[in-house]
Amino acid sequence: MYWHIEYGGSWTTEKSCFANAGEIDMDVMGTEWLDEISTGNNRVQWWGDGRWQPETPIGKNTVYTFPNHPGGVALDWIRIL
């Protein structure tokens, strides 16, 4: 997963890898946005804008990007199913 965090007027790009079912709180201090998810052997959703997205989880072995959102999308949690 590629994501950004903005805090104190500057931002950084992060790459994170998660495994096993569960939810991960990504809502650290600052503003986070998601650029890309590569699901591998998992199904994945993210929590942003007050709901789990997408409604149907992203399938296994899928690279999911956000071409219509050049700045990424809101990110608070990641859910691995």
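What follows is calculated from the coordinates using simple rules that are stated; it is not laboratory data. For clarity, every value in this text was computed on a predicted model and none was experimentally measured. Glycine also receives a Cβ, built like all others from the backbone with ideal geometry; neighbour counts cover every protein chain displayed.
Things worth noting here:
- M26 long-range amide H proximity, modeled H, under 5 Å: W77, I78
- Segments 32-38, 54-60 sorted - mean Cβ within 10 Å per residue, highest first: 32-38, 54-60
- FRET efficiency for the N41 to W77 pair, using the beta carbon distance and R₀ = 22 Å, is estimated at 0.65.
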